[in-house]
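For reference, the structure is listed below as structure tokens.
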2 protein chains.
Amino acid sequence: MTINNVSQAKVCGGWHKQYTHESATLNCTMRFAIFLPPSAVKSNPVPVLYWLSGLTCSDENFMQKAGAFRRAAELGIAIVAPDTSPRGEEVADDENYDLGQGAGFYLNATQEPWSRHYHMYDYVTKELPEIIEANFPVSQVKSIAGHSMGGHGALTIGLKNSQQYRSTSAFSPICNPMQCPWGQKAFNAYLGNEFEAWREYDASELLKQAPSELPILVDQGDADGFLAEQLKPEALVAAAQLHQSKVEVRMQPGYDHSYFFIASFIDQHLDFHARYLNQ
Amino acid sequence: MTINNVSQAKVCGGWHKQYTHESATLNCTMRFAIFLPPSAVKSNPVPVLYWLSGLTCSDENFMQKAGAFRRAAELGIAIVAPDTSPRGEEVADDENYDLGQGAGFYLNATQEPWSRHYHMYDYVTKELPEIIEANFPVSQVKSIAGHSMGGHGALTIGLKNSQQYRSTSAFSPICNPMQCPWGQKAFNAYLGNEFEAWREYDASELLKQAPSELPILVDQGDADGFLAEQLKPEALVAAAQLHQSKVEVRMQPGYDHSYFFIASFIDQHLDFHARYLNQ
């Protein structure tokens, strides 16, 4: 598993670095970014927060816009940001922003023409952590967070792998993709019309099926233009209440769907994850 | 002076907003961005830090990447970011990134074809503050800061208007533009070959000519690829020492020219300005 360093910059006493590698899971060249806090050395491996971005994003949006490094450096947490889909000229795509490249939805596609490359679920849960743990001074202790489509990814991946992740948080997540246009379009394309497969990638459905002990924090702006049609946090809250699962959803007055919202509360999310990562 | 709101987003309890307006100084439509801290209301006008960005930037780079709002909100400081040049199809331009649109160098051009629009010095020191003070809950108390070409702008504008600005700070500024390729190319185009005019826009020359009481803080990364050829902080230090002017230049080991560097030290710059703005 060779990785190639393509950029590095010192930030907040630590390092932001980008790498490319050949992904066996996705059958294409992928890029990811990692922030290493100043405390990360071989003799002191640090825990990792995986960040999953939203539609149209790459590994760069969060790293450039979230303002997360000051607090992550203080807390001694590494952050890894993968891309949001497989990439490349040979990778199937769609002309719209909400399907294909930049819109992998963190699932394993079973349908043509997507099934050859679109296995972001396996990439994020298996291949990427193996690469990170083999190449950087990090421990196997990890949590996961994300925004919008990446919030959906963080919630579903956390709920399905609660032994692997200590905690999950999300900004403005797609909480019930089976019941919103973004999710229905993507699931229909990637998974076909077998609804049982859809349920496996729907955080509200997963919380309906079984109780969860995974600590989950969700922040949602009430001025978010996607709130009512696409995001549906009320479905997540109702599903969590069924089995008293550990889900806190906070409505934040006046905030929209942008990275300005993420920058406003990222310190609180890092503090939340640190309580579990640094135990 | 009509201004048109083109975006707004709540951030860190305050607001980030963008506006366009017809600039009489620049003879074109301009866009600027303002961050208003939560404490800014008509009955509590807040001081303003003007931020000048570097080559190729617009009003957006600092606002999206610097991570400045948390601390600015705590300190009760507004931040205003203008564009880096006049803009538009009718505005003279050059095919290279370091001349023309995106490269106004914060001066008043006297040469064709630049002199019709390129008056960024007057725009930043006169027209823009008038617009800001007429339209927002801010006081006339102000400081100025910037990065690279914008660091040159902040230093020269501060030094030439030390009654108007309480303090100046810069990241990786072009300290001695008469002696570097970026500055020589721009000054030759915008000002012609009269060196006396060049001196008025060179921070090191201004500090040679007369002592300064203006508090100035400069941070410079020692891994900055532009350091030796373009930035020349040693000239600024030598000029400040001539008359014991109040200039602190800090070399920061390992940091480069990027916004990751700015994000690492912006809190310290805001604290520096707050000492003078909130007196």
Criterion: within 27 Å of B:Gln64 (Cβ to Cβ), crowded, with 23+ Cβ neighbours inside 10 Å, of a type outside the set (Phe, Trp, Tyr) and more than 14 Å from chain B (Cβ to nearest Cβ) - qualifying residue of A:Ala109, A:Ala154: A:Ala154
Contacts under 6 angstrom Cβ, first residue in the stretch A:141-170 being in contact (Cβ under 8 Å) with a residue 12 or more places away in the chain, partner small (Gly, Ala, Ser) and open to solvent by 10 Å² or more (accessible area, probe 1.4 Å), 6 or more apart: A:Leu159/A:Ser212
Criterion violated by B:Gln164 - all others in (1) within 23 Å of B:Arg275 (Cβ to Cβ); (2) open to solvent by less than 10 Å² (accessible area, probe 1.4 Å) satisfied: (2)
Condition check for B:Ser258: hydroxyl-bearing (Ser, Thr, Tyr) and under 30 Å from A:Gln8 (Cα atoms): yes
Hits in the stretch A:213-224 - residues which are farther than 16 Å from A:Gly146 by Cα and more than 14 Å from chain B (Cβ to nearest Cβ): A:Glu213
Residue satisfying all of: in the stretch A:225-279; under 17 Å from A:Leu55 (Cα atoms) and open to solvent by 50 Å² or more (accessible area, probe 1.4 Å); farthest from the other protein chains (Cβ to nearest Cβ) among these: A:Glu229
Leading residue by the ranking (farthest from A:Phe69 (Cα to Cα)) among those in the stretch B:73-104 that are more than 14 Å from every other protein chain (Cβ to nearest Cβ) and among the charged types (D, E, K, R): B:Glu90
Selection within the stretch B:74-91 - part of a loop (DSSP other than H, G, I, E, B) and aliphatic (A, V, I, L, M): B:Ile77, B:Val91
So B:Tyr123, is it crowded, with 21+ Cβ neighbours inside 10 Å and not β-branched (Val, Ile, Thr): yes
Count of the stretch A:151-195 residues which are among the polar types (S, T, N, Q) and within 20 Å of A:Met251 (Cα to Cα): 5
Hits in the stretch A:1-48 - residues which are away from chain B (no Cβ under 14 Å), of a type in the set (A, V, I, L, M, F, W, C) and surrounded by 14 or more Cβ atoms within 10 Å (Cβ to Cβ): A:Ile3, A:Leu26, A:Cys28, A:Met30, A:Phe32, A:Ala40, A:Val46, A:Val48
Criterion: within 15 Å of A:Ser148 (Cα to Cα), touching a Gly at 6+ places or on another chain (Cβ under 9 Å) and without any contact (Cβ under 8 Å) to a residue 40 or more places away in the chain - qualifying residue of A:Asp256, A:Asp202: A:Asp256
Filter result for A:Gly192 (buried (at least 17 other Cβ atoms within 10 Å of the Cβ) and closer than 23 Å to A:His117 by Cβ): no
Qualifying residue in the stretch B:220-239 (condition: farther than 30 Å from A:Gly13 by Cα and touching a residue at least 24 places away in the same chain (Cβ under 8 Å)): yes
Filtered residues of the stretch B:171-193 (kept if touching a residue at least 12 places away in the same chain (Cβ under 8 Å), outside any helix (DSSP H, G or I) and either within 18 Å of B:Gly102 (Cα to Cα) or not small (Gly, Ala, Ser) (or both)): B:Phe171, B:Ser172, B:Pro173, B:Ile174, B:Cys175, B:Asn176, B:Cys180
Positions within the stretch B:58-72 being among the hydrophobic types (A, V, I, L, M, F, W, C), facing chain A (nearest Cβ under 9 Å) and not in a loop (DSSP other than H, G, I, E, B), in sequence order: B:Met63, B:Phe69
Checking B:Gly225 against (1) over 26 Å from B:Arg71 (Cα atoms); (2) in a helix (DSSP H, G or I), the condition it does not meet: (2)
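Quick grid of which residues meet (1) touching a strand residue (DSSP E or B) at 6+ places or on another chain (Cβ under 6 Å); (2) aliphatic (A, V, I, L, M); (3) within 24 Å of A:Gly158 (Cβ to Cβ):
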residue: A:Ala66; (1), (2), (3): no, yes, yes
residue: A:Ala72; (1), (2), (3): yes, yes, yes
residue: A:Ala81; (1), (2), (3): yes, yes, yes
residue: A:Tyr97; (1), (2), (3): no, no, no
residue: A:Pro113; (1), (2), (3): no, no, no
residue: A:Leu128; (1), (2), (3): yes, yes, yes
residue: A:Ile131; (1), (2), (3): no, yes, yes
Residue among A:Leu217, A:Leu206 that alone is part of a strand (DSSP E or B) and either of a type in the set (A, V, I, L, M) or surrounded by fewer than 16 Cβ atoms within 10 Å (Cβ to Cβ) (or both): A:Leu217
Hits in the stretch B:118-168 - residues which are part of a loop (DSSP other than H, G, I, E, B) and of a type in the set (S, T, N, Q): B:Ser148, B:Asn161, B:Ser162, B:Gln163, B:Gln164, B:Ser167
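The values are calculated or read from the model by the stated rules, or taken from the named source; none is laboratory data. Keep in mind the model is a prediction, meaning the values are calculated, not measured. Please note: Cβ atoms are built from the backbone with ideal geometry, for glycine as well, and neighbour counts cover all protein chains shown. Protein only, heavy atoms only, side chains kept; ligands, DNA and RNA dropped before computing areas. Shrake-Rupley method; radii C 1.70, N 1.55, O 1.52, S 1.80 Å.
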